[in-house]
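J.: My questions all concern the structure below.
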Amino acid sequence: MTDSTHTLKQPFRDAMASAAAGVHVITTDGAIGRYGITMTAVTSVTDDPPTIMLCINREAAIIPILLQNRDLCINTLSGGQQDIAEHFAGITNLSPEERFEYHIWHRGQTGQLEVEGALAHLHGQVIEQHEIGTHYIFYVRINEIKIADTNSPALLYFRRQFKSLA
């Protein structure tokens with residue numbers, strides 16, 4: 001890393017903290033086991049075919065699991081689900097397995113876990129990935145979508161804090 005690039009690292013992080021983002025819990029369950037993480041780096045790529053991009057730090061424990069399992073569910077959290085976000089972000093110091101014990105879960109058609117009360121569940125499969133800098137970029141082809149029939153506000157992450165979009 002060049003000195004000029006390194007000097008931009010913290011200002012870049014601070015600038016990104018000023019960009020409000022939806023909060024999601026990504027879950028995967030398969031031959032390698034189940035795991036989940038809280039994420040904000042979730043972006044639509046195209047609607048034909050429906051594809052989502054996930055940016056995950058290379059050091060994240062989910063990486064080897066996701067590379068093997070390939071199937072996942074993107075749970076878009078509602079404003080009342082901050083506790084779920086905190087559990088899966090590791091803030092509450094629960095073990096990866098204990099995180100699943102505090103919430104009600106259902107399974108989609110491919111067997112992936114969806115948390116009850118989320119605004120949306122997007123089930124898909126990793127179709128491609130590559131590395132850039134400190135992160136893996138995963139492209140996920142969506143094969144099942146469930147949208148909650150609710151007027152609940154979204155859970156956002158803004159300036160390093162969870163906020164409810166009322």
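The values are calculated or read from the model by the stated rules, or taken from the named source; none is laboratory data. Note that this is a predicted model, so its numbers are computed, not measured. Please note: Cβ atoms are built from the backbone with ideal geometry, for glycine as well, and neighbour counts cover all protein chains shown. Ligands, DNA and RNA are stripped out before the accessible areas are found, and what is left, the full protein with its side chains, is counted by its heavy atoms. Shrake-Rupley method; radii C 1.70, N 1.55, O 1.52, S 1.80 Å.
J.: Determine, yes or no, whether LYS146 is touching a strand residue (DSSP E or B) at 6+ places or on another chain (Cβ under 6 Å) and at pLDDT below 95.
T.: no
J.: Now, a different point. Can you tell me which residues in the stretch 67-81 are crowded, with 19+ Cβ neighbours inside 10 Å, under 22 Å from ALA154 (Cα atoms) and not hydroxyl-bearing (Ser, Thr, Tyr)?
T.: Answer for the stretch 67-81, where residues must be crowded, with 19+ Cβ neighbours inside 10 Å, under 22 Å from ALA154 (Cα atoms) and not hydroxyl-bearing (Ser, Thr, Tyr): LEU72, CYS73, ILE74, ASN75, LEU77, GLN81.
J.: Kindly evaluate VAL25 against the criterion of being among the aliphatic types (A, V, I, L, M), open to solvent by 50 Å² or more (accessible area, probe 1.4 Å) and more than 17 Å from ARG160 (Cβ to Cβ).
T.: Spelling it out, it is not the case that VAL25 is among the aliphatic types (A, V, I, L, M), open to solvent by 50 Å² or more (accessible area, probe 1.4 Å) and more than 17 Å from ARG160 (Cβ to Cβ).
J.: Further, regarding this structure: Please tell me if ALA19 is of a type in the set (A, V, I, L, M, F, W, C), outside any strand (DSSP E or B) and within 21 Å of PRO153 (Cβ to Cβ).
T.: When the stated conditions are applied, ALA19 passes them.
J.: If HIS87 passes every condition in (1) surrounded by fewer than 16 Cβ atoms within 10 Å (Cβ to Cβ); (2) part of a helix (DSSP H, G or I) but one, which one does it miss?
T.: With (1) surrounded by fewer than 16 Cβ atoms within 10 Å (Cβ to Cβ); (2) part of a helix (DSSP H, G or I) applied to HIS87, the lone miss is (1).
J.: Among the residues of the stretch 53-66, write down those that are open to solvent by 20 Å² or more (accessible area, probe 1.4 Å) and either in a helix (DSSP H, G or I) or closer than 17 Å to GLY124 by Cβ (or both).
T.: MET53, CYS55, PRO64, ILE65
J.: Just to be sure I understand, how many residues within the stretch 89-131 are among the aromatic types (Phe, Trp, Tyr) and modelled with pLDDT of 95 or more?
T.: Counting residues in the stretch 89-131 that are among the aromatic types (Phe, Trp, Tyr) and modelled with pLDDT of 95 or more gives 2.
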